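One structure is given here, and the rest of the page talks about it.
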Amino acid sequence: MKEIKVPELAESITEGTIAEWLVKKGDQVEKGDPVLELETDKVNVEVNADASGVIAELLKEEGDDVEVGDVIAKVDENGEAGGSSDDSSDDKQEEKQEEPKEEKQEQQQSTASEQKEEKKQASSNEQEGSTKGDVIATPAARKRARELGIDLSEISARDPLGRIRPEDVDSAASSKNEKKAAPKQEKKESKKESSEKTEFDKPVVREKMSRRRQTIAKRLVEAQQNSAMLTTFNEVDMTNVMNLRKERKDSFLKKHDIKLGFMSFFTKAAVGALKEFPLINAEIQGNEIVKKQFYDIGMAVSTEEGLVVPVVRDADRLDFAGIEKGIADVATKARNKELQLEDLQGGSFTITNGGIFGSMLSTPILNSPQVGILGLHNIEKRAKVMPDDTIQARPMMYIALSYDHRIVDGKDAVQFLRRIKEMIEDPYDLLLEG
């Protein structure tokens, strides 16, 4: 019998959730065949059979959390497809049926002996109580004890001679009431918490968060807790970019077999600005600032299971067509659940475009350990005062830069965003500079 274990996935991934079993008990598998789909923090991966044979047992169910090294199934190398070791399973069934009877008899014997012991102990206590001398107490204390229902033998006297006084009785009664109240209070609080979790006036639907959604939630909270995050804003006149795109879109598509979008302009502008302000392309490691000399730009992509940030590598070395193809490639992989771990690792800066969903303004959260993220928004025509004091309706976009104030000063953040604005508003210069 061979075991199928959760394999080593990556240094940063130690556990996952079984999303779907691709086989069932009794199925024939060959070594290397995929047997289940495992959902990890970042991507879904397939776990393959370690040996050829018949699936004898599935030890985990869909939705179960598993760790690297856990045994999740067993393969019978000598089994036949469709068969299921009936003899052994029947034996186990009989054992299971016999076990409860034996356990029941043992429990009955144990209960009887315990009851005898309790009776014996009770009679012993009664005998001890009858042989004890009378408790020394003042008449007032005895009266008070009768009123409060307190046993004088349970009261500790503060009198040096051991005489119980009324104040000793009151103290014992107060202590007894507090002990009774404590469990009630705990029970009440527990009941309150339970009611807050489960009781609603109207119907609700409860769904377990996917592992990826749990990870997204955890990391977003960590980013806010572990960084001094601030956001600065600016607005960009998109007129020239839109005109250039309109002029070149047909020839660009014909030459490169891909559409010319806005993201390539902002990616190029971001790379140029990062070169001028290298701290925004850095990260903190302990007491050190690591300034990255590469420009791997993360592109936030929304999927059914949540937001992922695949990386376009060496964006500084790519032309506009290369960037557009890189973005299209990672976006397609993300939506088809084909991303690999290497597609998500090692980014130095991130761009997120909420404008495609109609967002007018937002404060994007850092993609830790990065210290900067650029947020793009919807393009809307707004009145703008031109240099000659005329007012024109221009296509405007708000842009936002969230940054870690621990190493990025406000001046650099503001100037970084303004530099992007300048390059987008003069795209011809951006094209010439590459």
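The values are calculated or read from the model by the stated rules, or taken from the named source; none is laboratory data. Being a predicted model, the structure only gives us computed values, none of them experimental. Neighbour counts run over all protein chains shown; Cβ positions are idealised from the backbone, glycine included.
Scanning region 150-166 for residues being outside any helix (DSSP H, G or I) and modelled with pLDDT of 80 or more gives a total of 5.
Quick check on Val169: is it touching a Lys or Arg at 6+ places or on another chain (Cβ under 7 Å), at pLDDT 80 or above and not in a loop (DSSP other than H, G, I, E, B)? For Val169, the condition - touching a Lys or Arg at 6+ places or on another chain (Cβ under 7 Å), at pLDDT 80 or above and not in a loop (DSSP other than H, G, I, E, B) - is met. Within region 193-200, one or more residues are of a type outside the set (S, T, N, Q) and at pLDDT 75 or above.
Matching residues to (1) assigned to a loop (DSSP other than H, G, I, E, B); (2) under 26 Å from the mean Cα position of the chain (by Cα); (3) surrounded by fewer than 17 Cβ atoms within 10 Å (Cβ to Cβ):
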site: Val23; (1), (2), (3): yes, no, no
site: Gly26; (1), (2), (3): yes, no, yes
site: Leu36; (1), (2), (3): no, yes, no
site: Glu46; (1), (2), (3): no, yes, yes
site: Ala51; (1), (2), (3): yes, no, yes
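If you go through region 370-411 one residue at a time, how many are outside any strand (DSSP E or B) and crowded, with 16+ Cβ neighbours inside 10 Å? Working first, answer last.
Filtering region 370-411 down to residues outside any strand (DSSP E or B) leaves 370-371, 386-390, 405-411.
In the following step, the residues that additionally are crowded, with 16+ Cβ neighbours inside 10 Å were identified as 370-371, 407-408.
Count: 4.
The single condition among (1) within 27 Å of the chain's Cα centre (by Cα); (2) outside any strand (DSSP E or B) that Leu230 does not satisfy is (2).
Among the residues of region 36-84, those identified as modelled with pLDDT of 80 or more, β-branched (Val, Ile, Thr) and within 30 Å of Ala217 (Cα to Cα) are Val47, Val66, Val68, Val71, Ile72. Taking region 259-281 as the region of interest, how many residues are at pLDDT below 95 and not in a helix (DSSP H, G or I)? Residues in region 259-281 being at pLDDT below 95 and not in a helix (DSSP H, G or I): 4 in total. Among the residues making up region 291-349, those that are farther than 21 Å from Arg219 by Cβ and among the hydroxyl-bearing types (Ser, Thr, Tyr) are Tyr295, Thr332.
Taking into account only those residues within region 293-307 that are of a type in the set (Ser, Thr, Tyr) and in contact with a strand residue (DSSP E or B) (Cβ under 9 Å, 6 or more places away or on another chain), which is farthest from Val371 (Cα to Cα)? Across region 293-307, the extreme among qualifying residues is Ser302.
The condition of being closer than 30 Å to Lys208 by Cβ, of a type in the set (Lys, Arg) and either at pLDDT 80 or above or surrounded by 12 or more Cβ atoms within 10 Å (Cβ to Cβ) (or both) does not hold for Lys31. Taking the condition among the polar types (S, T, N, Q), within 30 Å of Lys337 (Cβ to Cβ), at pLDDT 80 or above and assigned to a helix (DSSP H, G or I), does Gln224 pass? Yes: the conditions hold for Gln224. Within region 212-223, residues that are closer than 16 Å to Thr303 by Cβ sit with their Cβ atoms under 8 Å from residues that are at pLDDT below 80 and hydrophobic (A, V, I, L, M, F, W, C), at 6+ positions apart or across chains, in these pairs: Ala217/Met209. With respect to Ile323, determine if the residue is touching a residue at least 60 places away in the same chain (Cβ under 8 Å), in contact with a strand residue (DSSP E or B) (Cβ under 8 Å, 6 or more places away or on another chain) and in a helix (DSSP H, G or I). Against the criterion (touching a residue at least 60 places away in the same chain (Cβ under 8 Å), in contact with a strand residue (DSSP E or B) (Cβ under 8 Å, 6 or more places away or on another chain) and in a helix (DSSP H, G or I)), Ile323 qualifies. Checking each residue in region 282-298 for being of a type in the set (A, V, I, L, M) and either part of a loop (DSSP other than H, G, I, E, B) or within 26 Å of the chain's Cα centre (by Cα) (or both) picks out Ala282, Ile284, Ile297.
Does region 383-392 contain at least one residue that is under 14 Å from Ile280 (Cβ atoms) and of a type outside the set (Gly, Ala, Ser)? No, that holds for no residue.
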